[in-house]
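The values are calculated or read from the model by the stated rules, or taken from the named source; none is laboratory data. Computed from a predicted model, the values in this text were never measured in an experiment. Note that we place each Cβ from the backbone using ideal geometry, even for glycine, and neighbour counts take in every protein chain shown.
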Amino acid sequence: MLILGIESSCDDAAAAVVETVRAGVATVRASAVANQDDIHRAYGGIVPELASRNHVITLLPVVQRALSSAGVSLDEIGGIAVTRGPGLVGSLLVGLMCAKGIAQATGIPMVGVNHIEGHLLAPLLENEIAMPYLALVVSGGHTALFSVEDYGRYRKIGSTRDDAAGEAFDKVAKLMGLGYPGGKVIDDLAKHGNRRSVRIPRARVKGAPLDFSFSGVKTAVATFLRSHDARATRTEDLAASFQEAIVDMLVAPTLAAARETGASVIALTGGVAANSRLRECLAAAAADEGLKVIAPSLGYCTDNAAMIALAGGWRLLQGGCDDLTIDAAANLPL
């Protein structure tokens, strides 16, 4: 079955064509994304109204680009998978209405997909992973640990109590005057910095070793920037010290979760999974305990429609279909 995936949960408008043979076995025929970083950079973060308005302009051309790149027409599409939440509700509505319009006009069955499910299954786009496995989803909007037990069966075992890790990267980059988005610029600067130059405290959630907390690390950086020491500290050194703290706070609960669940494979996914230091440290720490870490290539870490098509594919192959009354849900639970 050829599946058209549509993703618009935040500031990226994405479409993909994925050929699915059975659950978890898929080939990405095309994946297209329209990025909005240049639009939101002036504001130091995503402006929801601007994101949704830009989706209205770009989403259909992105869908057409994906179909053209795959060399197929809508007549050959067997199912549509579209993100219905969680995310920015205005952005979600644009993608959902686009999918509904195509479904109504063509009669192609459509399913709504949870954005987090897409991230949980994204490593399967390029790798064969036996279930169950442990997944660390870490992005600008989400930081959580899940046991992926089967398609449609996901058990949350840890999550952030406040900010997501990606949000911490963006806000600290703004505090440091580095611009938006912050994750890549901090990663690049940190490669040339001393990770032990600035003492950044690591937060642990008392009584909940599998949970995360990143609000304190932002406060620590803000406090340091107001101190006399900040004037004598290289930007690269502060970036490296901050990044190391975030990585430590992600790796420790993940390994604890692997021990608790008995998982032998850890899937690292989400936008922050593109961070080079996180990939390096998690892989090394896991290898010390005989565990394997699998992460998608960088294009499938950030929001994309191929993962949405894969996540919706197992339902579509079983004959599943949502009616056209489904709505977007900003806080859709998994």
Task: Residue list for the range 195-245, restricted to those being in a helix (DSSP H, G or I), in contact (Cβ under 8 Å) with a residue 40 or more places away in the chain and among the hydrophobic types (A, V, I, L, M, F, W, C) - done: VAL217, VAL221, ALA222, LEU225, LEU238, ALA239, ALA240, PHE242, ALA245
TODO: Would you list the strands (runs of 3 or more DSSP E) that sit entirely within the range 120-181 and hold 2 or more residues that are touching an Asp or Glu at 6+ places or on another chain (Cβ under 8 Å) and surrounded by fewer than 22 Cβ atoms within 10 Å (Cβ to Cβ)?
DONE: 153-159
Open item on the list: Here are the criteria: (1) at pLDDT below 95; (2) under 21 Å from ARG226 (Cα atoms); (3) in contact with a Phe, Trp or Tyr (Cβ under 9 Å, 6 or more places away or on another chain). Tell me which single one PRO201 does not satisfy.
Closed with: (3)
Open item on the list: Name the single residue that is nearest to THR106 (Cα to Cα) among those in the range 53-88 being part of a helix (DSSP H, G or I) and of a type in the set (S, T, N, Q).
Closed with: GLN64
Task: Unique match (being of a type in the set (A, V, I, L, M), surrounded by fewer than 19 Cβ atoms within 10 Å (Cβ to Cβ), under 19 Å from the mean Cα position of the chain (by Cα) and assigned by TED's automatic domain parsing to the domain that holds SER8) among VAL72, VAL89 - done: VAL89
Open item on the list: As an exercise: evaluate LEU278 against (1) in contact (Cβ under 8 Å) with a residue 60 or more places away in the chain; (2) out of contact with any helix residue (DSSP H, G or I) (no Cβ under 6 Å at 6 or more places or on another chain) and give the number of the one condition it does not meet.
Closed with: (2)
Task: Qualifying residue in the range 37-50 (condition: hydroxyl-bearing (Ser, Thr, Tyr), surrounded by fewer than 21 Cβ atoms within 10 Å (Cβ to Cβ) and in contact (Cβ under 8 Å) with a residue 24 or more places away in the chain) - done: yes
Open item on the list: Residue pairs, Cβ under 8 Å, 6 or more apart or interchain, first in the range 172-187 and over 20 Å from ASP12 (Cα atoms) and in contact (Cβ under 8 Å) with a residue 60 or more places away in the chain, second among the small types (Gly, Ala, Ser) and part of a loop (DSSP other than H, G, I, E, B). List them.
Closed with: LYS174/GLY44; LYS174/GLY45
Open item on the list: Give all pairs with beta carbons closer than 6 Å in which a residue from the range 314-334 that is over 21 Å from GLU19 (Cβ atoms) and modelled with pLDDT under 95 meets a residue that is surrounded by 15 or more Cβ atoms within 10 Å (Cβ to Cβ) and aliphatic (A, V, I, L, M); count only pairs at least 6 apart in sequence or on separate chains.
Closed with: LEU334/ILE116
TODO: Might you check whether a residue that is within 24 Å of the chain's Cα centre (by Cα), in a helix (DSSP H, G or I) and over 30 Å from ALA190 (Cβ atoms) occurs anywhere in the range 278-286?
DONE: no
- [ ] For the range 205-252, enumerate the residues that are aliphatic (A, V, I, L, M) and under 24 Å from ALA267 (Cβ atoms).
- [x] VAL205, ALA208, LEU210, ALA245, ILE246, VAL247, MET249, LEU250, VAL251, ALA252
Task: Residue satisfying condition, being of a type outside the set (S, T, N, Q) and assigned to a helix (DSSP H, G or I), within set ALA328, ALA309, ALA263, ALA267 - done: ALA309
Task: Number of the exception - MET1 against (1) touching a Gly at 6+ places or on another chain (Cβ under 9 Å); (2) under 13 Å from LEU310 (Cα atoms); (3) surrounded by 20 or more Cβ atoms within 10 Å (Cβ to Cβ) - done: (3)
Task: Residue among GLY262, GLY270 that is without any contact (Cβ under 8 Å) to a residue 12 or more places away in the chain and farther than 25 Å from ARG196 by Cβ - done: GLY262
Task: Pair list, Cβ under 7 Å, 6 or more apart: the range 122-148 residue at pLDDT below 95, other residue surrounded by fewer than 24 Cβ atoms within 10 Å (Cβ to Cβ) and of a type in the set (S, T, N, Q) - done: GLU126/SER297
